[in-house]
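Remarks on the structure that follows.
Nothing in this text is a laboratory measurement; each read-out follows from the coordinates by a stated rule. Computed from a predicted structure; not experimentally measured. Cβ placement follows ideal geometry from the backbone for every residue including glycine, while neighbour counts extend to all protein chains displayed.
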Amino acid sequence: MKQEIQLYNTISRKKELFKPLNAPNVGMYVCGPTVYSDVHLGNCRTFLSFDLIFRYLKYSGYKVRYVRNITDAGHLEGDRDEGDDKFAKRAKLEQLEPMEIVQKYTLGFHDVMRMFNALPPSIEPTATGHIIEQIEMIKTIINNGYAYEVNGTIYFDVEKYSKQYNYTILTNRNLEDMLANTRELGGQDDKRGRLDFALWIKAKPETLMQWVSPWGMGFPGWHIECSAMSAKYLGQEFDIHGGGMDLAATHHTNEIAQSEACSHQQPAKYWMHTNMLTVNGTRMSKSLGNGFLPGELFTGNHPLLRKGYSPMTVKFFMLQAHYRSTLDFSNDALEASEKGFRRLMNAVSLLPKLVASEQGNIEVDPIRTRCINAMNDDFNSPVVIAELFEATRIINTVYDGTAKISEAELEKLKTLMNDFIFTVFGLKDEDTSNTELNEVLDMVISLRKDAKENKDYATSDQIRIGLQNIGIQLKDGKEGTTWSKN
Ligand code: AMP
Ligand code: ZN
């Protein structure tokens, strides 16, 4: 059942009918995390938005190859091709080898995605695992005349490229204005044009991560990894390229330039961008230091949090906003989501208890049609949630006997709830009513309390970390210790 999906394409700045190049196969590339630190909730919003898109495309019958990379090299502190390497800086700070940093934060990212019940991508390639492909691509760009070498560093020639192609196709900016707003080249700048960017950067002797190349020892620039890896796994032209909105102006603009300079065609047919998660109206970001870590959110261990919120509450909170709208974090909104999600799960738990009548006056098809139409309209999850609340109301009225439902409609209702809550949204029940587990945890919590009273903090920490490792979070509050499951 291929759906007529309309999706918003950043390139055309309008909704377009989704027509995959090789239907039913779909190639989708999403820029993944930069693993020199923990992902914050804003990053999670982007990855969960694409999880929704991935899930719905699959649900609609497409066979999706979803590639989401891990950026584990080539990120410099400055906004230009200068400054410390973020991985090396972090490695020094934590007294670890850079690849230990990469491993640590990659595993942490996977844990978070698992807690949110996000599906793993089909391929998760790393920048450091594709240095050869990046070098090959840079060689082609040089051969095609769109890049030049200065003393072991390779720059992309934006001026030359923009004579033949539209450099600002994603953002529609005026190139002259961009030039006017870009800092003039300083004395140490080797590049020819102000908008030129590095494809390959010459290493200093002390650079921790460096590779051999035709231009000497060095490391890749910010953007080339995504161009090289998307082409390798999805071909030179594929269907969807996505990421957060903040990537459009530089990273994705440069990705398009690199691909066109290499193969003379745009890499992706549809460019999709998610909007930002904000805190008091300001974008959540690593550099601003206003990023909640998912762990802080689940435990409530953050000055801005009134309490902890479970992963599914947080995911539900995100699904209640359209992926192209900003979403502002607030305790009130999360508490409302917690109630809403519980109401939905309560309805799901009533479904097996509902008794069908010979005849009924409930029709489920119109609700399903409205859900499908909403998802086909650029993945409009908030509208689907409103429909699921309507289904919840129906379930409650059938349960309390004020409405009747036929056998066939009851089956449709079960399928509707199952399809949208679990398959498309990827929510899951976080029921903590398992009595045996409750009893065991009460016992463990009381042992930890004893340990703390005896100032045996090693044991109390061991218990907390041990539980955390199996997905159970403890939260100490005024009324004692409570627990929640990831
Ligand atoms: P990074 O690890 O910084 O490269 O970011 C990973 C992804 O998260 C990118 O697609 C970013 O655009 C996205 N992102 C960063 N901050 C936010 C935010 N506040 N809200 C939503 N997405 C974000
Ligand atoms: Zn990228």
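Under the simplified labelling scheme, the Asn396-Glu479 pair shows an inter-label distance of 2.3 nm, with each label point 7 Å from Cα along Cα→Cβ.
Calculated on the alpha-carbon coordinates, the convex hull of the chain measures out at 161 cubic angstrom per residue.
Taking a ≥ b ≥ c as the square roots of the eigenvalues of the alpha carbon gyration tensor, the range 136-240 is oblate, as a/c is not under 1.5 and a/b does not beat b/c. A straight chain from Phe389 to Asn301 at 0.36 nm per residue would run longer than the Cα-Cα distance by 28.6 nm.
Taking label positions 7 Å along the Cα-Cβ direction at both Leu354 and Gln462, the computed distance is 5.0 nm, reported to one decimal. If R0 is taken as 22 Å, the Cβ-Cβ distance between Asn143 and Asp190 corresponds to a FRET efficiency of 0.60. Would you mind classifying the range 435-485 by shape? Square roots of the alpha carbon gyration tensor eigenvalues, ordered a ≥ b ≥ c; an a/c under 1.5 is rounded, otherwise it is prolate if a/b is larger than b/c and oblate if not. Since a/c reaches 1.5 and a/b is larger than b/c, the shape of the range 435-485 is classed as prolate.
If you sort the three axes of the alpha carbon gyration tensor as a ≥ b ≥ c, you get a/c of 1.5 or more for the range 20-274 and a/b no higher than b/c, which makes it oblate.
Using R0 = 56 Å, the C-beta based FRET efficiency linking Asn22 and Glu453 works out to 0.30. Of the residues Ala248, Leu293, Gln258, the one whose Cα sits farthest towards the positive end of the charge dipole of the range 225-300 is Leu293 (charges of +1 on Lys and Arg Cβ, -1 on Asp and Glu Cβ, taken about the Cα centre). Summing charges over neighbours of Lys269, with a neighbour being any other residue whose Cβ is under 10 Å away from its Cβ, gives -2 when K and R count +1 and D and E count -1.
Extension gain for the segment Thr278 to Met99, taken as residue separation times 0.36 nm less the Cα-Cα distance, is 61.3 nm to one decimal.
To the nearest µm²/s, what D does Stokes-Einstein give for the range 278-424 at 10 °C and 1.306 mPa s, using the Kirkwood radius over alpha carbon pairs as Rh? It would help to have the intermediate numbers written out before the result.
Values: Rh = 16.9 Å.
Stokes-Einstein gives a translational diffusion coefficient of 94 µm²/s.
Of all DSSP-defined beta bridges confined to the chain, some 50% are antiparallel rather than parallel.
Between Ser287 and Thr415, the simple label model (points 7 Å from Cα in the Cβ direction) yields a spacing of 5.1 nm.
Excluding Tyr323 itself, calculate the net charge of residues whose Cβ lies under 9 Å from the Cβ of Tyr323, where each Lys or Arg counts +1 and each Asp or Glu counts -1. With Lys, Arg at +1 and Asp, Glu at -1, the net is +1.
The antiparallel fraction among DSSP beta bridges confined to the range 184-290 stands at about 50%. Of all lysines in the structure, the ones whose alpha carbon falls short of 30 Å from that of Lys86, not counting any fewer than 8 places away in one chain, are Lys104, Lys139, Lys191, Lys202, Lys204, Lys232, Lys286, Lys315.
Taking the Cα centre as origin and putting +1 on Lys and Arg beta-carbons and -1 on Asp and Glu beta-carbons, what dipole magnitude results for the chain, to the nearest 20 debye?
Rounded to the nearest 20 debye, it is 420 debye.
For the range 11-96, the residue among Phe50, Pro33, Leu17 whose Cα projects farthest onto the positive side of the dipole built from Cβ charges is Leu17.
The dipole here belongs to the range 151-281: it is taken about the Cα centre, uses +1 on the Cβ of Lys and Arg and -1 on the Cβ of Asp and Glu, and is about 140 debye.
Straightening the chain between Met217 and Ala180 buys 9.9 nm, computed as 0.36 nm per residue apart minus the Cα-Cα spacing.
Tally Lys/Arg at +1 and Asp/Glu at -1 over every other residue whose Cβ is under 11 Å from the Cβ of Trp483; what's the total? Every neighbour counted, the sum reads +2. Partner lysines whose Cα lies under 20 Å from the Cα of Lys478, excluding those fewer than 8 positions away in the same chain, are identified as Lys307, Lys449, Lys452, Lys455. Take every pair of alpha-carbon atoms less than 8 Å apart whose residues are at least six positions apart; their mean separation over the length of the range 435-485 yields a relative contact order of 21 percent.
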